[in-house]
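Written below as structure tokens is the structure these notes are about.
The values are calculated or read from the model by the stated rules, or taken from the named source; none is laboratory data. Being a predicted model, the structure only gives us computed values, none of them experimental. A quick note on method: Cβ atoms are made from the backbone with ideal geometry, for glycine too, and the neighbour counts reach across all protein chains shown. With ligands, DNA and RNA removed, areas are computed over all heavy atoms of the protein, side chains included. Shrake-Rupley method; radii C 1.70, N 1.55, O 1.52, S 1.80 Å.
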Amino acid sequence: MKKYATLFLFMAFNTGFAQFGQQPPFTLDLQPATDVSLPGLHSFAFAEYGTKWLFVGGRTNGLHGMSSNDGFPLQYANNNIVVIDTLTWQTYYGSLAALPDTIADPLRSTNMQYHQDGDYLYMIGGFGWDSTQSRYVTFSTLTAIRVDSVVNAVMNAAPVGPHIRQIRDTNLTVCGGELNKLGNDYYLLFGHDFQGRYTDPPTPLFTQEYCNQVKRFTIADDGVNLAVQNYTAFTDTVNYHRRDLNVSPVVLPGGAFALGAYGGVFQYDVNLPYREPITVSSSGVSVNTAYQQAMSHYTCALIPIFDTLYEDMYVTFLGGISLYDYNPVSQTVTLDSLVPFISDITTLARRANGTVEEAVLPLQLSGLLGANAKFIYSSYQWTFPNDVIDFWRLPAQRTHIGYMFGGIRATGTNLLPSSVNDTLYRVYITPDFTISADEKPGDISYLSTFPNPASGQCALSFHLASAREISVEVYDLAGNKIETVYAGMLNKGVQRITWDQQLAQGLYFLILRSEGETHSVKLSVIK
């Protein structure tokens, strides 16, 4: 407990919103959509097709109970495929009752792992009632759902069965983990295999086995045949003993895409969450044992943002469940070993030099919300291909970036009962693009390219101390000019010039010229 007490003192006596790191270069605000009436769901699988949202599985009540009578009552399992048209906010329901139970049961489950890849929503595992075995199980299924076809079928009251395929694989017997994709590989992170009904100790009516693994594989899918291939697993019985955590796409310094894993429950010897962030990349899995995450340790709505100028990665967590809870009146953060529901919005920042810090934002949710909720983008025009927001592409004004949908609404920090949240919240961001005077060493500064190496679109970022004419040109290593990227007048402040480079693989120099000054930065192009 010594480390907890030390962190409490540090956080409690810091100034301003009890922050223990710098506030991020943006502010958020959430507004309830009082003009919209939607169903409440949590712990579901999600996909989208144009302006349509698709929800599969999940629960229609609050947090599960802890006894064999109220663990996961069947009447609160989502027995419909739900489609929401965000143009009209009309909700459509497609019943699963017409499907065979072997197919429908996994679709009614909760805490499955899922990922949308183009036209298909892939769902793995999940916990729920198996009608064939007449008991609660963690399913071993991989389900492929053709998103556009199922959306159209539900909206037109047509059968959904022809657009759903399913196979079983014991390596996929997982619930409470997370599924994502890097390159051609899928990563199934952590989770557990829970069999039976929740019940109070000391006589459990269940078995529980943590996966303790990051599973990597590919999915072969030609639209008819479905298979898991190239399967391998990375095992760590100490650090990977996690479930019900937060996993976010992230961008690393230099531009590579990766996954960040945060929190998760429970530690081996005590019912407390894990606090060491984990990074999963194509080169492996690394655990940051130098940092102890203080806030937001349980699955919640989150927003990932990357600053290409400073190469800082921000992940903002909207409420949820946390080991620490912030009191806005006393401006203190206190440890609660019961791991309470919170209304705090917090940001974890990973700096370009590898250091990590957190900040409590000066904004509280309108209740104990966010747990098992989903942040859904209103537009992808500001994101990288992995759905991380590109900070410098945001408009320089308050902008609607998405919604917080569903999740659990708690009545008290450690109290039951709870309920499902049926209020939709619009999420707005206001970026701060200013750079303080003491951070500007010259008239032209902070010259950088991103990503570097680049294979497609590339951006050159820099800061101008005053408005001026500039030109940006590309040269090869022999000094030959290849092309002019930009020539014209720019205002003072942070600038970003983006272009779809079509250079051959190799090394190049970007030369920026302005009023007698010349600056260069090296660019590596890969194919």
Pairwise label distance in nanometres, Ala97 with Thr399, each label 7 Å out on the Cα-Cβ vector
4.6 nm
Calculate one ³J(HN,Hα) per residue across the stretch 521-527 by plugging θ = phi - 60° into the Karplus curve 6.51 cos²θ - 1.76 cosθ + 1.60, and present them in order as whole Hz with x for glycine and proline.
8, 7, 10, 9, 10, 10, 10
Cβ charges +1 (Lys, Arg) and -1 (Asp, Glu), total dipole of the chain, debye
260 debye
Give me P(r) over the stretch 273-389, computed from all C-alpha to C-alpha distances, binned every 10 Å, as integer percentages.
13, 42, 35, 10, 0
Let me check I have the definition right: for the stretch 339-405, take the eigenvalues of the Cα gyration tensor, multiply each by 5, take square roots. What are those semi-axes in whole Å, largest first?
22, 19, 12
Let me know the charge dipole size of the stretch 47-171 about its Cα centre in debye, to the nearest 20, where only the beta-carbon of Lys, Arg (+1) and Asp, Glu (-1) is charged.
140 debye
Backbone HN-Hα couplings from phi across the stretch 221-234 [Karplus 6.51/-1.76/1.60, Hz, Gly and Pro as x]:
8, 9, x, 10, 8, 10, 7, 9, 10, 6, 6, 8, 9, 10
Helical contribution to [θ] at 222 nm, DSSP H n ≥ 4, -39,500 (n - 2.57), averaged over the chain, rounded to 500:
-1500 deg cm²/dmol
Report the net charge of residues surrounding Tyr120, where surrounding means a beta-carbon distance below 13 angstrom and charges are Lys +1, Arg +1, Asp -1, Glu -1.
-3
Furthest towards positive pole of dipole, Leu252, Asn184, Ser67, structure part the chain, Cβ charges:
Ser67
Where does each of 206-214, 291-299, 392-400 land if you order them by average Cβ count within 10 Å, highest first?
291-299, 206-214, 392-400
What nm value, rounded to one decimal, do you get for the distance between Ser330 and Trp89 when each label is placed 7 Å out toward the C-beta?
3.9 nm
So for the stretch 253-340, what percent of the C-alpha to C-alpha distances run longer than 20 Å?
43 percent
Summarise the accessible area of the chain (1.4 Å probe, protein heavy atoms) by the percent that is carbon and sulfur.
50 percent
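Just need the relative contact order of the stretch 394-498 here, percent rounded to a whole number, with Cα pairs under 8 Å and 6+ apart.
Relative contact order for the stretch 394-498 comes out at 21 percent.
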What is the count of Lys pairs in the chain whose alpha carbons sit under 21 Å apart, if the two are 8 or more places apart or on different chains?
7
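Averaged per residue, what accessible surface does the chain expose to a 1.4 Å probe, in Å²?
I get 41 Å² per residue for this part.
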Taking a virtual spin label 7 Å from the Cα of Val36 along the C-beta vector, which residues in the stretch 398-416 bring their backbone nitrogen under 19 Å of it?
398-409
Return the FRET efficiency for the residue pair Ser524, Ala220: r is the Cβ-Cβ distance, R0 is 30 Å, and the value is rounded to the nearest 0.05.
0.40
Does anything in the stretch 250-288 have its amide N under 11 Å from the 7 Å Cα→Cβ label point of Asp185, and if so which residues?
280-285
Degrees separating the helix 2-12 axis from the principal Cα axis of the chain, which is the longest one:
60 degrees
Quick check on the stretch 445-519: what does the Kirkwood estimate of hydrodynamic radius come out to from the alpha carbon pairs, in Å?
12.8 Å
To the nearest 0.05, the calculated FRET efficiency linking Met155 and Glu517 through their beta-carbon distance, R0 being 51 Å, is 0.30
